[in-house]
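Here the structure is laid out as structure tokens; the discussion comes afterwards.
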Amino acid sequence: MNKVELMAPAGNWESLTAALNAGADSVYFGVDQLNMRARSSINFTLADLPEISKACSKKNTKSYLTLNTIIYDHDLSLIKMIIDSCKKNKITAIIASDQAVINYAFSQGVEVHISTQLNVTNIETVKFYSHFVDVMVLSRELSLNQVKKITDQIKKENIKGPKGKLIEIEIFAHGALCVAVSGKCYMSLHTNNASANRGACVQNCRKTYTVIDKETGIELEIDNEYIMSPKDLCTIDFLDQVLDSGIAVLKIEGRGRAPEYVKAVTENYRTAIDAYEKGEYTIKLGEALKEDLRRVYNRDFWAGYYLGQKLGEFNNTNGSKATQKRVYIGSAVHYFPKVAIAQFKIEAQNINLGDKILITGPTTGVVEHEILSLMVDEKEVDKAVKGDEITIPVNERIRKSDKLYKLIKNDY
């Protein structure tokens, strides 16, 4: 059995560190513009590539840069600069959808992976792109039966990429889905002059809408006003079927989401994949992990089109249905490593003994903890308020200016 690669999103330094610490085999990220999350995530810059490469190498984790928007003539010098920088800094591969990116990266000896925006749905398309790439993300609208036919045919016909190895197939396992085919949408461009195909989607599909007959003015009654906002994809409760399809890479969506989302989703899918590879995956385990995933950002879950469903399932509320949310409390002042004690300044709200907390930072990533001991002015207390400086035991090392949050139940 070949080991399945778990790929996690990184929209900023906190998420990158969270993914690396949570057991991702690879991470994908964007720099500046020309990636499909140019608007919704903070993104990195070209100057960050040496540090990203170093951080990934230290964890023996592959690094993929997304360069998967539509490319115009005026972008060509920029894409060449980005690809050249990736080569210089030993980024593992480029994720691309435009032939200009594919062609230049290939000419420079930089590994290329096909983005889902190219809508690969059949074996002949796989054959065509195998001349240039080693990994292809299939269209999100395929069923697992269709995925397996493609992976079986790759083996049967011995279809290899530039590295001389069989083409590897990647699919999305978890995260947001677009109402348009594999994300190729024009709604944001038409309504807000912000093209989703240039990474600037304003997500107006997530709003409520009514349907009105323009001739009569009659409003049609519909069950759900969120008629263009799909639920989030979740495959963890049938992951055995997903992995049985012969895919090589399992991808988590979410470069625009918070670092605690990256941590939780990566950890849960890491657990599920490891159990599968040991022959210990069960439906009961999958269901338990799915329940844990409800803690972090989600629009409710469905199985996508993988199990043969023809029509999508849509959200019935605005925003996240996460069972908990974070509330900002303060920032880190100091960490005492010899005694594993963290000092924080309370800048908002209050905090209590027994509270569950979240600590995030560019180098720290994400730390979740329960306050079992709370001190103010070297005295044990049950509660601290705005203006207090507190000390609490934290086993993981934190850094000055790391952010402290309290996790509370989310009554959405």
Select from the stretch 254-269 the residues that are charged (D, E, K, R) and either buried (at least 24 other Cβ atoms within 10 Å of the Cβ) or touching a Leu at 6+ places or on another chain (Cβ under 6 Å) (or both) and list them in ascending order. Arg255, Glu260, Lys263
Of (1) over 20 Å from Asp134 (Cβ atoms); (2) touching a Cys at 6+ places or on another chain (Cβ under 9 Å); (3) not in a helix (DSSP H, G or I), Gly11 satisfies every one except (2)
Would you point out which residue out of Lys356, Lys383, Lys345 is surrounded by fewer than 14 Cβ atoms within 10 Å (Cβ to Cβ), outside the structural domain of Arg257 (by TED's automatic domain parsing) and out of contact with any Pro (no Cβ under 9 Å at 6 or more places or on another chain)? Lys383
Log entry, pairs with first residue in the stretch 250-268 being touching a residue at least 40 places away in the same chain (Cβ under 8 Å), second being among the hydroxyl-bearing types (Ser, Thr, Tyr) and outside any loop (DSSP other than H, G, I, E, B), beta carbons closer than 6 Å, six or more apart or on different chains, reads Gly254/Tyr261; Pro259/Ser15; Pro259/Thr360; Val262/Ser15
From the residues in the stretch 1-46 that are at pLDDT below 95 and among the small types (Gly, Ala, Ser), which one is farthest from Thr364 (Cα to Cα)? Ala38
Scan the stretch 291-305 and tell me whether some residue there is in a helix (DSSP H, G or I), crowded, with 19+ Cβ neighbours inside 10 Å and modelled with pLDDT of 95 or more. yes
Please enumerate the residues belonging to the stretch 81-119 that are more than 16 Å from Ile167 (Cα to Cα), at pLDDT 95 or above and acidic (Asp, Glu). Asp84
So Asp388 clears everything in (1) at pLDDT 95 or above; (2) under 20 Å from the mean Cα position of the chain (by Cα) except one condition, right? Which one? (2)
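If a residue must be under 21 Å from Val262 (Cβ atoms) and among the hydroxyl-bearing types (Ser, Thr, Tyr), how many such residues does the stretch 332-362 contain?
1
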Restricting the search to the stretch 107-159, which residues are under 24 Å from Tyr64 (Cα atoms) and of a type in the set (Ser, Thr, Tyr)? Ser107, Ser115, Thr116, Thr121, Thr125, Tyr129, Ser130, Ser139, Thr151
Would you point out the residue of the stretch 236-275, among those that are over 21 Å from Val135 (Cα atoms) and in a loop (DSSP other than H, G, I, E, B), that is farthest from the chain's Cα centre (by Cα)? Ala258
Tally up the residues in the stretch 334-360 that are in contact (Cβ under 8 Å) with a residue 60 or more places away in the chain, out of contact with any Phe, Trp or Tyr (no Cβ under 6 Å at 6 or more places or on another chain) and part of a strand (DSSP E or B), please. 4
Unmet requirement for Lys310, which otherwise passes all of (1) touching a residue at least 40 places away in the same chain (Cβ under 8 Å); (2) basic (Lys, Arg); (3) part of a loop (DSSP other than H, G, I, E, B): (1)
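The values are calculated or read from the model by the stated rules, or taken from the named source; none is laboratory data. Nothing here was measured: the structure is a model prediction, and the numbers come from that model. When we count neighbours, we look across all protein chains shown, and the Cβ atoms used for this are built from the backbone with ideal geometry, even at glycine.
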